[in-house]
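As structure tokens, the structure follows; a few thoughts come after it.
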Amino acid sequence: MNKSSSLNERLVFILIIGILALNYPLMAIIDKPVFLKGIPVLYLYLFFIWSCFIGLVAFTLRKNPRPKPLSKKTPPPGKL
Amino acid sequence: MLQEWVILLVSICYLGTLFAIAYYADKRADAGRSIISNPYIYTLSIAVYCTAWTFYGSVGRAAGTGVSFLPIYIGPTLMASLWWIILRKIIRIAKVYRVTSIADFIASRYGKSTLAGGLVTIIAVVGIMPYISLQLKAISTSFNVLHHYPALESIKQQKTTMWNDTAFSVAMILAAFSILFGTRNIDATERHEGMVAAIAFESIVKLIAFSAAGIYVTFIMFDGPDDLFSWVPHYNELSNLIVMDALPGGYTNWFTLTFLSMMAIMFLPRQFQVLVVENVNEDHVRKAAWLFPLYLLLINIFVIPIAMAGNMLFPEGLIDPDIFVLTLPISENQEILTIFIYLGGLSAATGMVIIATIALSTMVCNDLVMPVLLRMQSLQRVDLSKALLTIRRGSIILVLLLGYMYFRLIGESYTLVSMGLVSFTAAAQFAPPILIGIYWKGANRKGAICGLLAGFIMWAYTLVLPSFVRSGWLPTSFLENGPFGLELLIPYKLLGLDMFDPITHSVFWTMLVNIGSLVSISLLSRQNAIERIQAALFVDVFSQVKDTRIWRGTALVAELKNLIARFVGKKKADKAFSDYAKTRGIYLSERVQADASLVEFAERQLSGAIGAASARVMVSSVVEGESVSLHEVMQILDETSQVIEYSHRLEEKSKELEAATLELQAVNTRLKELDRMKDEFVSTVSHELRTPLTSVRAFSEILHDNQDLSEDERRKFLSIILKESERLTRLTNQILDLAKFESGKTQWVMERVELSEVVTEALDSVSQLFLEKKIELTQKVPHESVFIRADRDRIIQVVINLISNAVKFCEPENGKVTVHLTKNRTSIRMDVTDNGPGIPNSEQKHIFEKFYQLQDLNKGKPGGSGLGLAICQRIIKYHGGKIWVKSSPGVGATFSFTLPKF
């Protein structure tokens, strides 16, 4: 029960991020006739946020989230 | 020029392929090896969301207003993040109660209400008309474009009558096709595997076709997106499109469209059909929640490039932007590509039409026609399974005809997207009764019906009526001055609200009256029993104890079976009943009374075929005594909650019992241990007592029997006897002491005691020992007095015991004993150290046990009783202190104890 309710909370959180990022006023920041690498920034922004959102949902809903072994997370020596 | 027959042949072949796929999938499903039971097919079937609107309309929209086509796809993406929470619940409910359509769902939730189901059906049918007509328009336009290939200019001038109208032929072909697909036979199940497989295939075709068009335009006609966009600044009207300025209604409209499409993706009847009714496994939602948005992303990437290219290459106003996708390859004479793209558009449109008509025909049949038919007495005993099929087929034709009518009346003057949005707003009316209904038990039938009705009327007034005006069927003064010149009633500016674009305006008003009525009326009116039951069943679907006692069984099994047979056919009814008997492991005789769960089973079977509301009416016509009365239902609910309460309490009791048992077990083991210890004690004591007793007796006998012993010997023997009896006395005293300690009968005389004084006194009484063995004694006692609260004699006993032990184990002549008294803030500590042989580590922990004696000392058995330390430990414990030993073998031992300060 606990696990599923925290999953629900995470999904709602992602939704809120999505709604904020894809609406006024955040979108107005990028709403300019500027090109980045030849492509209008507004288009780039929309499709970028869109992909990120899909990735977030996919990551949150992945099956059997297994914690990674701790040893892999520790940075290699000398790179701190 | 593409011959008409070529286009027709390609179209027919394509539809034939679809049909073959559907046929194959159905066969596989019958054989129990479903090909649609995986999240990928599920995702592709949801992609029926992308219709001709997406395929043709998005480009048209983008060509005029830039990114404003996007919220229609961003909304579903956002909504999909909640699918795991909301959609899964809806699917679970639909599965458990065998819901066949969105109308059925709402009817079931609100007390299996026929009225609610019928109302939803009407809204769905009317609301979907613009959407269907959109598809017809798209197909017929694309057909005409192809037909005039490669001439582009002549497309616009078309005079059509109903009989040479492509749209009409398209409508009829689609109707035939949907009938073949969806209503080949009537099943007790509400799912259509073959149709889903065909739709999934269509989703692949349209994605590839559109991407092909996009890639052709972007990378072959232009040199990639940067080349394409580099032309934008040269066109004045295009510079607008790369920012939000072109958006009609601005950010408000953007937000409205996002909201609308969030609702539409779940509550358009066809989306509900593929998302919920056709769902095979609710776990598929997990993948679909991100795969489907990914599909949307992919199919939208090339919309803007195509729109831009169309705007640049065609003179303004020459070509309808809605068909840029087709006309761009045509202008380059790409025959094959054009036909392929045409097929993509065809699949987008047909997919939508097929699912929508099948979903709607199920609703019309189950929730509109059936309830009427079932009330007719003359039809009470007729086999209706044939009639069901006819009704469904008829309603498919009806739905398509209505769509065609709308197209003829209005379609010409609207773009594809603005037609679709009208339908979206209608579908959004279903959101409040469903979303509120599955989370709030208080939402009731009256509220839902009023909300739906109010929302529907508001929708018709603010969106549909103006479209009649715009098409010239009503005077334009209606829009400008309001009906009868009442400005407050202008459809686009209701009550003078003129800050919104028409869609936002309509969404605002419809949602306001819909949600407002639903909530306020639910709060103000009461639910009847069946509503209350259904509300509870829906809201708590995940945590449910199933109760099948809503029906009182007074029907014969045979009657029930006949009833089912009337709707699904005899064979299927027989199979359903024998399956039921098999899974329950019972033999079903036709003549017995059906029990409640069988009646319930029959009702669900029937629900699958004719919907929940009708099924209820039918079953109640067979089951005598009808359903249970309100009073009884409440009793059942009470009983259920009581049973739950009881079982809850039972569980608690059994948990308590378990704990008690564990405790008892522990006590039992302890008792056994004590018993064993007692036995051991007795035998040890007897043994210890016997040794001195034996020697006393032996030497007494010698004295008694041998009168002629020398005086020396006599004296020696007597002294042995004396010594042994002393030892006996000491032993007996100690045993008595110990016994008193253990039984708690010791008399303690607690008083204020000065500890250094006690130590001195104890040392005095053993000073003789030091002298005898010539052992050096070191005393470290603080100068100031140290007080404790204790039994003076007992403490002296402990100190003497420890010191005499130390002396006992020291070598004579060079032995050293140190007595060290220290104090800290809370306690006093005494250490007695010797330099004897020490105590092996293994024996240290046993040293305070009764009768424990150090065995392998070179001296052999020491003279102690083995009780001294045991007694010390008990005394110290009684005083609230601690006693322990530290020793390294060969170096010596330190016995220490602490006592709390006074």
Members of the range B:209-236 that are among the charged types (D, E, K, R) and either closer than 16 Å to B:Ile301 by Cβ or more than 11 Å from chain A (Cβ to nearest Cβ) (or both): B:Asp226
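Listed here are the residues, each with its yes/no results for (1) surrounded by 20 or more Cβ atoms within 10 Å (Cβ to Cβ); (2) closer than 30 Å to B:Met677 by Cα; (3) outside the structural domain of B:Phe895 (by TED's automatic domain parsing); (4) in contact (Cβ under 8 Å) with a residue 24 or more places away in the chain.
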residue: B:Leu755; (1), (2), (3), (4): yes, no, no, yes
residue: B:Ala762; (1), (2), (3), (4): yes, no, no, yes
residue: B:Glu776; (1), (2), (3), (4): no, no, no, yes
residue: B:Pro782; (1), (2), (3), (4): no, no, no, yes
residue: B:Ser785; (1), (2), (3), (4): no, no, no, yes
residue: B:Asp793; (1), (2), (3), (4): no, yes, no, yes
residue: B:Pro840; (1), (2), (3), (4): no, yes, no, yes
residue: B:Glu849; (1), (2), (3), (4): no, yes, no, no
Selected residue [surrounded by 22 or more Cβ atoms within 10 Å (Cβ to Cβ), within 14 Å of chain A (Cβ to nearest Cβ) and either small (Gly, Ala, Ser) or farther than 30 Å from B:Lys89 by Cβ (or both)] from B:Ile306, B:Ile323: B:Ile306
Any pair with Cβ under 9 angstrom, 6 or more apart, that starts in the range A:41-64 at a residue that is more than 7 Å from chain B (Cβ to nearest Cβ) and touching a residue at least 24 places away in the same chain (Cβ under 8 Å) and ends at one that is outside any helix (DSSP H, G or I) and crowded, with 19+ Cβ neighbours inside 10 Å: A:Ile49/A:Leu22; A:Leu56/B:Ser81; A:Thr60/B:Ser81; A:Thr60/B:Trp84
Condition met for B:Ala176 (free of Cβ contacts under 8 Å to residues at least 12 places away in the same chain and either buried (at least 23 other Cβ atoms within 10 Å of the Cβ) or more than 14 Å from every other protein chain (Cβ to nearest Cβ) (or both)): yes
Search result, residues across the range B:738-793 that are farther than 18 Å from B:Gly880 by Cβ and hydroxyl-bearing (Ser, Thr, Tyr): B:Ser743, B:Ser756, B:Thr760, B:Ser765, B:Ser767, B:Thr778, B:Ser785
Residue match in the range B:370-377 (condition: buried (at least 24 other Cβ atoms within 10 Å of the Cβ) and either modelled with pLDDT under 90 or within 30 Å of B:Val99 (Cα to Cα) (or both)): yes
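Look through B:Ile550, B:Ile521, B:Ile503, B:Ile490 and report the one residue that is at negative phi, of a type in the set (Val, Ile, Thr) and at pLDDT below 80. Steps first, please.
Details: B:Ile521 fails: at pLDDT below 80; B:Ile503 fails: at pLDDT below 80; B:Ile490 fails: at pLDDT below 80.
Selected residue: B:Ile550, the only one of B:Ile550, B:Ile521, B:Ile503, B:Ile490 that is at negative phi, of a type in the set (Val, Ile, Thr) and at pLDDT below 80.
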Positions within the range B:484-507 being under 24 Å from B:Cys450 (Cβ atoms) and surrounded by fewer than 17 Cβ atoms within 10 Å (Cβ to Cβ), in sequence order: B:Leu488, B:Leu489, B:Leu495, B:Leu497
Residues located in the range B:277-302, provided they are within 17 Å of B:Ile35 (Cα to Cα) and more than 10 Å from chain A (Cβ to nearest Cβ): B:Val277, B:Glu278, B:Asn279, B:Val280, B:Asn281, B:Glu282, B:His284
Of all residues in the range B:579-625 being surrounded by fewer than 23 Cβ atoms within 10 Å (Cβ to Cβ) and either at positive phi or assigned by TED's automatic domain parsing to the domain that holds B:Arg392 (or both), the one that is modelled with the highest pLDDT: B:Gly585
Restricting the range B:524-547 to residues that are over 18 Å from B:Arg445 (Cα atoms) and polar (S, T, N, Q), the residue that is modelled with the lowest pLDDT: B:Gln544
Residue in the range B:87-103 that is closer than 26 Å to B:Asn514 by Cα, more than 14 Å from every other protein chain (Cβ to nearest Cβ), touching a Gly at 6+ places or on another chain (Cβ under 8 Å) and at pLDDT 90 or above present: yes
Complete set of residues in the range B:217-255 that are of a type in the set (Ser, Thr, Tyr) and assigned to a helix (DSSP H, G or I): B:Thr218, B:Ser230, B:Ser239, B:Tyr251, B:Thr252
Odd one out for B:Ile775 among (1) touching a Lys or Arg at 6+ places or on another chain (Cβ under 8 Å); (2) modelled with pLDDT under 80; (3) not polar (S, T, N, Q): (2)
Failed item, numbered, when A:Ala21 is tested on (1) more than 7 Å from every other protein chain (Cβ to nearest Cβ); (2) surrounded by fewer than 16 Cβ atoms within 10 Å (Cβ to Cβ): (2)
Residues satisfying the stated conditions in the range A:24-40, i.e. in a loop (DSSP other than H, G, I, E, B) and more than 7 Å from chain B (Cβ to nearest Cβ): A:Pro25, A:Val34
Matching entry among B:Ile132, B:Ile122, B:Ile128 (being more than 14 Å from every other protein chain (Cβ to nearest Cβ), assigned to a helix (DSSP H, G or I) and either within 24 Å of the chain's Cα centre (by Cα) or surrounded by fewer than 24 Cβ atoms within 10 Å (Cβ to Cβ) (or both)): B:Ile122
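Of the residues that sit in the range B:54-86 and are among the aromatic types (Phe, Trp, Tyr) and at the interface with chain A (Cβ under 10 Å from one of its Cβ atoms), which one is nearest to B:Phe255 (Cα to Cα)?
Taking the range B:54-86 and keeping what is among the aromatic types (Phe, Trp, Tyr), we get B:55-56, B:69, B:73, B:83-84.
Now restrict to residues that are at the interface with chain A (Cβ under 10 Å from one of its Cβ atoms): B:73, B:83-84.
On the way: B:Tyr73: 12, B:Trp83: 20, B:Trp84: 23 Å.
My answer is B:Tyr73.
Looking at the range B:30-37, is at least one residue touching a residue at least 40 places away in the same chain (Cβ under 8 Å), aliphatic (A, V, I, L, M), under 21 Å from B:Tyr295 (Cβ atoms) and surrounded by fewer than 22 Cβ atoms within 10 Å (Cβ to Cβ)? Spell out how you get there, then give the answer.
First, pick out the residues of the range B:30-37 that are touching a residue at least 40 places away in the same chain (Cβ under 8 Å): B:34-37.
Among the residues that remain, those that are also aliphatic (A, V, I, L, M) are: B:35-36.
Then drop every residue that is not under 21 Å from B:Tyr295 (Cβ atoms), which leaves B:35-36.
Still in the running and surrounded by fewer than 22 Cβ atoms within 10 Å (Cβ to Cβ): B:35.
So far as the range B:30-37 goes, yes, one or more of its residues are touching a residue at least 40 places away in the same chain (Cβ under 8 Å), aliphatic (A, V, I, L, M), under 21 Å from B:Tyr295 (Cβ atoms) and surrounded by fewer than 22 Cβ atoms within 10 Å (Cβ to Cβ).
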Residue in the range B:337-357 that is surrounded by fewer than 24 Cβ atoms within 10 Å (Cβ to Cβ) and among the polar types (S, T, N, Q) present: no
Residues of the range B:104-118 that turn out to be farther than 14 Å from B:Val369 by Cα and at pLDDT 90 or above, as a count: 5
Cβ pairs under 6 Å, 6+ apart, first in the range B:237-251 and more than 8 Å from every other protein chain (Cβ to nearest Cβ), second surrounded by fewer than 19 Cβ atoms within 10 Å (Cβ to Cβ) and of a type outside the set (A, V, I, L, M, F, W, C): B:Ala246/B:Asn240; B:Pro248/B:Asp501; B:Gly249/B:Asp501
Residues located in the range B:594-615, provided they are closer than 16 Å to B:Ala387 by Cα and outside any helix (DSSP H, G or I): B:Gly611
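The values are calculated or read from the model by the stated rules, or taken from the named source; none is laboratory data. Small disclaimer: the values here were computed from a predicted structure and weren't measured. As a convention, Cβ positions derive from the backbone with ideal geometry for all residues, glycine included, and neighbour counts pool all protein chains shown.
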